[in-house]
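Notes for the one structure printed next.
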Amino acid sequence: MTSQPAAPPLPPPLRPDVTAQAISQAAQAAASAWAIPMGPAAHRRAVSQLYSTLRDLGIAARRLADYQTAGHPSDPTPLGFPQHIAASARCFLATCDSLDGVLAPEGLDPVADPTEPGTELCHAARSAIVAWRQPYGTSAERDTTVKQLVATTPFLAAAALSLTTYAPRRLAIHLRAVHAELIKATGCLMKAIQAPGTVHETPGFPARAQP
């Protein structure tokens, strides 16, 4: 009796920072594509793809909060990092709550053009679920991962606003709620890597003066 050949090992997941960079690039491309006038079918698909992306980012970010740092013991995880990342994950998932009930189709449409910006964005976000399942790397890679997410959220927020242009009134209201949650997510992500007492500007919004 001959034995079956062993299955080839699965390739290791991409580093968290590499995955985050791919998401940021895909988000920028999708936001540009969705800012252009589109027909009803394309609009429905774009909103569905945005939903799928935000859901997967929320799922992935919950694990990113457990990032393990390799390197010198004197280079610890910033104070509050897990809490701030977990808070950003809740914001991402809250956007899905905003769209539940006004959205039917799933973002990863099997017949969608695989080169379409929205499809590529969905796949990039889905890959983060695996890449961030047991996040591990240097502190520089950790900070780059979060900085790429900070760059991503304004693109997704802008995309949500662009999609309100051709949305029915009820959907437009929910898309504006998505925009608001993404601004909150950006603030949480920035707090995860900034030094205590530092004031940063949320992209698109001025920093508040310290009292």
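The values are calculated or read from the model by the stated rules, or taken from the named source; none is laboratory data. As the structure is a prediction and not an experimental result, all values here were calculated from the model. Please note: Cβ atoms are built from the backbone with ideal geometry, for glycine as well, and neighbour counts cover all protein chains shown.
A few remarks follow.
- Selection over the range 152-211 of residues that are at pLDDT 95 or above and aromatic (Phe, Trp, Tyr) gives a count of 1.
- Filtered residue count, the range 147-189, keeping only those that are free of Cβ contacts under 8 Å to residues at least 24 places away in the same chain and either part of a helix (DSSP H, G or I) or under 16 Å from the mean Cα position of the chain (by Cα) (or both): 9
- Among the residues making up the range 115-146, those that are in a loop (DSSP other than H, G, I, E, B), more than 15 Å from the chain's Cα centre (by Cα) and surrounded by fewer than 18 Cβ atoms within 10 Å (Cβ to Cβ) are 115, 134.
- Among the conditions (1) more than 25 Å from residue 191 (Cβ to Cβ); (2) at pLDDT below 95, the only one that residue 96 does not satisfy is (1).
- Residue ID - surrounded by the most Cβ atoms within 10 Å (Cβ to Cβ), chosen from residues in the range 147-178 that are of a type in the set (S, T, N, Q) and more than 23 Å from residue 188 (Cα to Cα): 162
- One residue stands out among those in the range 19-38 that are in contact with a Phe, Trp or Tyr (Cβ under 6 Å, 6 or more places away or on another chain) and among the hydrophobic types (A, V, I, L, M, F, W, C): the one that is nearest to residue 166 (Cα to Cα), which is 31.
- Yes/no for residue 74 being crowded, with 19+ Cβ neighbours inside 10 Å and either in contact with a strand residue (DSSP E or B) (Cβ under 7 Å, 6 or more places away or on another chain) or modelled with pLDDT under 95 (or both): no
- For the range 46-76, the candidate set comprises residues that are out of contact with any Ser or Thr (no Cβ under 6 Å at 6 or more places or on another chain) and of a type in the set (S, T, N, Q); within that set, the residue that is nearest to residue 182 (Cα to Cα) is 53.
- Residue that is nearest to the chain's Cα centre (by Cα), among those in the range 31-45 that are part of a helix (DSSP H, G or I), farther than 15 Å from residue 179 by Cα and among the hydrophobic types (A, V, I, L, M, F, W, C): 33
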